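Q: Below: one structure in C-alpha cells.
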Amino acid sequence: MIAFLAAAVLAAQTAPPAPAWTWTLYADATPVVLANEIPDTANLRVTLECDPGSSVARVTLYGIALSGMARVSSGDAVAVAEAAVARGESTRLALRTDHPAFAAFAADGRMNVLVGDHRRPVEVPAAHLAKLRRFSELCSG
C-alpha cells in the first residue's frame, strides 16, 4: 500500500506541465502572422495577419462566430469594422494599422472587440509587445 501511494505521489510530481499559450510572430513568409497559440498544436485564440506594406491587419478571433459591425477600442481610440464569420468557429475583421485604435493597441497591447453583445478582449503581455510592434512595422505601408 505504501509503495502504491509513493508511486502515485511521484507520478503526480513528474507529470508534464500544461501547454502554455504564447504569442508567436511568423515574419518570414507572406502573410506575416502574429498568433496567440499553443505552439505545435492547432490551438489558437487570436491571429493577426497582413501582407507586408499593406497597412491592413486581418484579425481573427477563434472560438466565437459572429458577424455584424464590430466596435474595436484600445485606449481612447475607437474603430468600426465589419466582422464576418470565418472558417470554423471564428470571427474575422480588418483594421488599418495606421488607425489610432491599432496604434494604441500596438503601444499597450490591449484591445477590445465588441460585436453585438459579445465582447472579446485581446491582450498581448509586455513580454511579447516587441512582436506586436514588429508586426505593425512589417504591415505598415
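Q: Going by what's in this entry, would Arg120 be described as open to solvent by 10 Å² or more (accessible area, probe 1.4 Å), among the basic types (Lys, Arg) and in a strand (DSSP E or B)?
A: yes
Q: I want to confirm something. Restricting to region 28-50 and keeping residues that are in contact with a Cys (Cβ under 8 Å, 6 or more places away or on another chain) and not β-branched (Val, Ile, Thr), which single residue is nearest to Pro121 (Cα to Cα)?
A: Per the stated criteria, the residue is Cys50.
Q: Name, by its number, the condition in (1) among the aliphatic types (A, V, I, L, M); (2) more than 19 Å from Leu114 (Cα to Cα); (3) touching a residue at least 24 places away in the same chain (Cβ under 8 Å) that does not hold for Ala35.
A: The number of the failed condition is (3).
Q: Here is a further query. If I ask for residues that are open to solvent by 60 Å² or more (accessible area, probe 1.4 Å), in a strand (DSSP E or B) and not charged (D, E, K, R), which ones from region 70-105 would you list?
A: The answer is Val78, Val80, Val85.
Q: So which residues in region 57-67 are outside any loop (DSSP other than H, G, I, E, B) and either closer than 10 Å to Thr91 by Cα or in contact with a helix residue (DSSP H, G or I) (Cβ under 7 Å, 6 or more places away or on another chain) (or both), if there are any at all?
A: Answer for region 57-67, where residues must be outside any loop (DSSP other than H, G, I, E, B) and either closer than 10 Å to Thr91 by Cα or in contact with a helix residue (DSSP H, G or I) (Cβ under 7 Å, 6 or more places away or on another chain) (or both): Ala57, Val59, Thr60, Leu61, Tyr62.
Q: Counting only residues that are surrounded by 11 or more Cβ atoms within 10 Å (Cβ to Cβ) and part of a loop (DSSP other than H, G, I, E, B), which one in region 13-29 is modelled with the lowest pLDDT?
A: It comes out as Pro19.
Q: Could you check Leu61 against (1) under 17 Å from the mean Cα position of the chain (by Cα); (2) loosely packed, with under 15 Cβ neighbours inside 10 Å; (3) touching a residue at least 60 places away in the same chain (Cβ under 8 Å) and say which number it fails?
A: Against the list (1) under 17 Å from the mean Cα position of the chain (by Cα); (2) loosely packed, with under 15 Cβ neighbours inside 10 Å; (3) touching a residue at least 60 places away in the same chain (Cβ under 8 Å), Leu61 comes up short only on (2).
The values are calculated or read from the model by the stated rules, or taken from the named source; none is laboratory data. Not measured: the values here are computed from a predicted model. Positions of Cβ are generated from backbone atoms using ideal geometry, with glycine treated the same way; all protein chains shown enter the neighbour counts. Note: accessible area is taken over every heavy atom of the protein model, side chains too, but ligands, DNA and RNA are not part of it. Shrake-Rupley method; radii C 1.70, N 1.55, O 1.52, S 1.80 Å.
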